[in-house]
Amino acid sequence: MIVCSGASHSRAMSYPHGTFNWVDLRAHDMERAKRFYGELFGWTATDEDTQGGPPYATFSLGGKSAAGLGQTSAEMKEQGVVSLWNTYVAVTSAASLERTAVEHGGSVIMPSMTVMSAGMMGFLADPEGAVFATWEADQHQGSEIVNVPGAFCWNELAVRDIDAAKAFYEKIFGWTMVEKHIPDVPTRTMIIKVRDREIGHALQMNADWEGIPAHWKVYFSVADCDDSAASAQSLGGKVLVPPMDIPPGRFSLLQDDQVAMFYIIALKEAAT
């Protein structure tokens, strides 16, 4: 496992095609989520006017938009859909990307749709079922703050067939996925690059991941990994992987008080 910056600045107002540009939480209880993440990351939540659409709020950090928060529908709850973090990728055309994904073995979870004046959004799944979102920006470009404590800094894909994932994502997003050996990690890892910048990685799941479906997960930067993990636990969350050191810093896998999972990492060096 390796983690590094996904952008070269803390305030990101536009994102190239294929770059991770937004993350949001689909929670069973939005008010609980506001309290949990407000305490954990120092976020402020502002409810958006969705003009009759599903409830949605924006989490901000220092006055800059950092992430989103949506409500799980009653139908989804009945289907057993749990709270989770979504990963968004900036695209030049959500509709075109959707067609390309299907042509290469992906599937449509939610067809691309216009979100008022903000942009166009779609939810897709890769051939193994890992779900991700696309975002064709209009007035909303994505997160205004990244790579600093309290903001997202990295994204991870976990799949069983990493070669098939490489073929799919390189085709639809134009990524370059480069295999990299990482000491003490007993599985294959590929670094995801856009325009020679490292933005995320893919892991090949082994027998230890039995029963866990392919998925994407989000990393958030923190100032102190141990303190943040302890805070999450005191707020009703769980520490699934205790804080441990890796080459880029100290990380941990956490679960919030509504079972949504995410990583935190205290980077050794500031993002560049």
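The values are calculated or read from the model by the stated rules, or taken from the named source; none is laboratory data. This is a predicted model, so every value here is computed, not measured. Backbone-built Cβ (ideal geometry, glycine too); neighbour counts: all protein chains shown. Areas reflect the complete protein model, heavy atoms only, side chains present, ligands, DNA and RNA absent. Shrake-Rupley method; radii C 1.70, N 1.55, O 1.52, S 1.80 Å.
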Around residue 109: net Lys/Arg minus Asp/Glu count, Cβ-Cβ under 13 Å: -1
Only helices counted: for the chain, with every DSSP H run of 4 or more residues adding -39500 (n - 2.57) and the sum spread over all residues, [θ] at 222 nm is -5000 deg cm²/dmol
Taking the Cα centre of each part, how many Å lie between the stretch 109-176 and the stretch 14-51? 16 Å
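Determine the percent antiparallel among the DSSP beta bridges restricted to the stretch 188-263, to the nearest 5.
Here the antiparallel bridges make up roughly 95 percent for the stretch 188-263.
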Residue 236: net charge of surrounding residues, Cβ under 11 Å, Lys/Arg +1, Asp/Glu -1, itself excluded? 0
What is the set of long-range amide H partners of residue 151 at a cut-off below 5 Å, with H atoms built 1.01 Å from backbone N? 221
Amide H contacts of residue 160 (H built 1.01 Å from N, under 5 Å, at least 5 apart or other chain): 205
Segments 79-87, 46-54, 155-163, 31-39 sorted - mean Cβ within 10 Å per residue, highest first: 155-163, 31-39, 79-87, 46-54
Per residue, how big is the convex hull around the C-alpha atoms of the chain? Give it to me in cubic angstrom, could you? 122 Å³
Of all accessible heavy-atom area on the chain, the percent that carbon and sulfur account for (1.4 Å): 51 percent
So what is the relative contact order of the chain, in percent, for Cα pairs below 8 Å that sit 6 or more residues apart? 22 percent
If you take every DSSP beta bridge whose two residues both sit in the chain, what share of them, in percent to the nearest 5, is antiparallel? 80 percent
For the stretch 143-272, go through all pairs of different Cα atoms, get the mean of 1/r, take its inverse, and jot down that Kirkwood value in Å. 15.6 Å
What is the sum of charges around residue 85, taking Lys and Arg as +1, Asp and Glu as -1, for the other residues whose C-beta is under 10 Å from the C-beta of residue 85? 0
For the stretch 1-158: rounded, prolate or oblate by the Cα gyration tensor [a/c cutoff 1.5]: rounded
For residue 180, counting only lysines whose alpha-carbon sits under 24 Å away and dropping same-chain residues fewer than eight positions off, the answer is 166, 171, 193, 217, 268
How much of the DSSP bridge set in the stretch 133-272 is antiparallel, in percent, rounded to the nearest 5? 80 percent
Just need the relative contact order of the stretch 128-258 here, percent rounded to a whole number, with Cα pairs under 8 Å and 6+ apart. 26 percent
